[in-house]
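Written out below as structure tokens is the structure these notes cover.
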Amino acid sequence: MILVMLGTQNNSFHRLLEEIDKLIQKKIITEPVIVQAGYTKYETQNMQIFDLIPKDQLNKYQKEASLIITHGGAGSIITSLKQGKKIIAVPRKHEYAEHVNNHQQEIVELFDKKKYIIGIKGVEDLEQAIIKSKDFVPQKYQSDNHKMLQIIEEFINQI
């Protein structure tokens, strides 16, 4: 099972679900897909979509998932890393009104550089990331609070 986590921001991340749907139809994704969509409204028969999933159920899905595809939110990434999961992270983008700025790109790049995750720049890279994930072995996560706090502080100062 693949778990897709879109966080709880009040902006849509429709582009990611459209791309996942295409990859299911192309049979690049063959496992069942469960989505925690937050405020993203999307209808398809190809995925099981929930607005919000209670924390204990979300933790259960994270443990069971063979792959997690998530937005670039630090919380979603870190909770999945702590469970030793393979993760593909896709940043929400300001230019698509998915977030207030592009700080998620920085977060994704930071975790990708450390080889904790497969970080991609946009949904158009998802197919190759899924193929890469088959052989990807993530580095064991080590907390680096200094850099993360710097990114969060910059984000807060921009609001």
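The values are calculated or read from the model by the stated rules, or taken from the named source; none is laboratory data. A quick note: this is a predicted structure, and the numbers were derived from the prediction, not measured. Ideal geometry is used to build each Cβ from the backbone, glycine not excepted, and the neighbour counts take in all protein chains shown.
For region 1-34, the set of residues classified as surrounded by 15 or more Cβ atoms within 10 Å (Cβ to Cβ), assigned to a helix (DSSP H, G or I) and touching a residue at least 60 places away in the same chain (Cβ under 8 Å) consists of Arg15, Leu16, Glu19, Ile20, Leu23, listed by residue number. Taking the criterion of being aliphatic (A, V, I, L, M) and part of a helix (DSSP H, G or I), the residues of region 127-137 that qualify are Ala129, Ile130, Ile131. Somewhere in region 59-82, is a residue within 22 Å of Ser12 (Cα to Cα), at pLDDT below 95 and assigned to a strand (DSSP E or B)? Within region 59-82 (the criterion being within 22 Å of Ser12 (Cα to Cα), at pLDDT below 95 and assigned to a strand (DSSP E or B)), the answer is yes, since at least one residue qualifies.
Remark: Ile87 falls outside the filter, which requires a residue to be farther than 20 Å from Lys132 by Cβ, in contact with a strand residue (DSSP E or B) (Cβ under 7 Å, 6 or more places away or on another chain) and surrounded by 14 or more Cβ atoms within 10 Å (Cβ to Cβ).
Within region 116-146, the set of residues being of a type in the set (A, V, I, L, M, F, W, C) and within 24 Å of His14 (Cβ to Cβ) comprises Ile117, Ile118, Ile120, Val123, Leu126, Ala129, Ile130, Ile131. Restricting attention to region 83-113, the residues that are modelled with pLDDT of 90 or more, touching a Phe, Trp or Tyr at 6+ places or on another chain (Cβ under 9 Å) and part of a loop (DSSP other than H, G, I, E, B) add up to 2. Condition test on Thr70, is it of a type in the set (S, T, N, Q) and touching a strand residue (DSSP E or B) at 6+ places or on another chain (Cβ under 6 Å)? Yes.
Looking across region 35-58, the residues that are assigned to a loop (DSSP other than H, G, I, E, B) and among the charged types (D, E, K, R) come down to Lys41, Glu43, Asp51.
Against the conditions (1) modelled with pLDDT of 95 or more; (2) in a loop (DSSP other than H, G, I, E, B); (3) touching an Asp or Glu at 6+ places or on another chain (Cβ under 9 Å), Glu124 satisfies every one except (2). Look at region 50-75: where a residue is without any contact (Cβ under 8 Å) to a residue 60 or more places away in the chain and a partner is surrounded by 18 or more Cβ atoms within 10 Å (Cβ to Cβ) and in a loop (DSSP other than H, G, I, E, B), sitting 6+ places away or on another chain with Cβ atoms under 8 Å, you get Phe50/Ala37; Asp51/Ala37; Asp51/Gly38; Leu52/Gly38; Gln62/Lys85; Gly72/Pro91; Gly72/Arg92.
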